[in-house]
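A short write-up of the structure that comes next.
The values are calculated or read from the model by the stated rules, or taken from the named source; none is laboratory data. Keep in mind that this is a model prediction, so the values were computed, not measured. Reconstructed Cβ throughout: ideal geometry from the backbone, glycine too, with neighbour counts over all protein chains shown.
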Amino acid sequence: MAEREIRRWGDPVLRTPCDEVTVFDAALAALCDDLLDTVTARDGRAGLAANQIGVGLRAFSWFVDGKSGVVVNPRLVHLDGEQDGDEGCLSLPGLWFPVRRAAFAAVEGVDVAGKTVRVEGTGLLARCLQHECGHLDGQLYIDLLDGDLRRDALRAARRL
């Protein structure tokens, strides 16, 4: 178990869709431990996708309101309502922009042993689930911005 270095905006791994996990072994268990260690070391940050630590596999960790977990091969299965709020990302440190997300989100996947899991929630957890699933598809939250706001975000990202 270890805290891993976060890949930053501009690293191609962040723009590459991640592969499904097909082997559930000690290497996957170590990856999941590292995802949890890294997200919980980040001062209450909400989530961390595997590609943010340079691993192109579909897995993410979450840490919201003192609860944490890992989801392997996640897929968003239900979204409902809307919420507005500022969003940030460990791969774009210090940048926060307003992003509209679903107010409720549910993700289904498996745990490190391949057992089915479902994580669902509202508020920050809903935002986190959507954000991390986006990462695994090669998306960053600034991709969801429009117009001048998107231009400002890209300009700020280039300065990092």
What residue, among those in region 63-74 that are over 22 Å from Arg15 (Cβ atoms) and of a type in the set (A, V, I, L, M, F, W, C), is surrounded by the most Cβ atoms within 10 Å (Cβ to Cβ)?
Val70
Would you point out the residue of region 41-55, among those that are free of Cβ contacts under 8 Å to residues at least 60 places away in the same chain and closer than 20 Å to Gln130 by Cβ, that is surrounded by the most Cβ atoms within 10 Å (Cβ to Cβ)?
Ile53
Being touching a Lys or Arg at 6+ places or on another chain (Cβ under 7 Å) and β-branched (Val, Ile, Thr), is that true of even one residue in region 43-53?
yes
Just to be sure, is Arg58 under 12 Å from the mean Cα position of the chain (by Cα) and in contact (Cβ under 8 Å) with a residue 12 or more places away in the chain?
yes
All positions within region 65-88 that are within 28 Å of Asp25 (Cβ to Cβ) and in contact (Cβ under 8 Å) with a residue 12 or more places away in the chain:
Ser68, Gly69, Val70, Val71, Val72, Asn73, Pro74, Arg75, Leu76, Val77
So if I check each of Asp34, Asp84, which one is acidic (Asp, Glu), in a strand (DSSP E or B) and more than 12 Å from the chain's Cα centre (by Cα)?
Asp84
For region 16-50, which residues satisfy the criterion of being polar (S, T, N, Q), in contact with an Asp or Glu (Cβ under 9 Å, 6 or more places away or on another chain) and either at positive phi or modelled with pLDDT of 95 or more (or both)?
none
Identify, please: which residue in region 111-160 is among the polar types (S, T, N, Q) and outside any helix (DSSP H, G or I) and is, among those, farthest from Ala59 (Cα to Cα)?
Thr122
Some residue of region 122-135 being surrounded by fewer than 13 Cβ atoms within 10 Å (Cβ to Cβ), modelled with pLDDT of 95 or more and among the charged types (D, E, K, R)
no
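Answer with yes or no whether Val77 is in a strand (DSSP E or B), buried (at least 19 other Cβ atoms within 10 Å of the Cβ), at negative phi and among the hydrophobic types (A, V, I, L, M, F, W, C). Give the derivation first.
Values: in a strand (DSSP E or B): yes; buried (at least 19 other Cβ atoms within 10 Å of the Cβ): no; at negative phi: yes; among the hydrophobic types (A, V, I, L, M, F, W, C): yes.
Taking the combined requirement at face value, the residue does not satisfy it.
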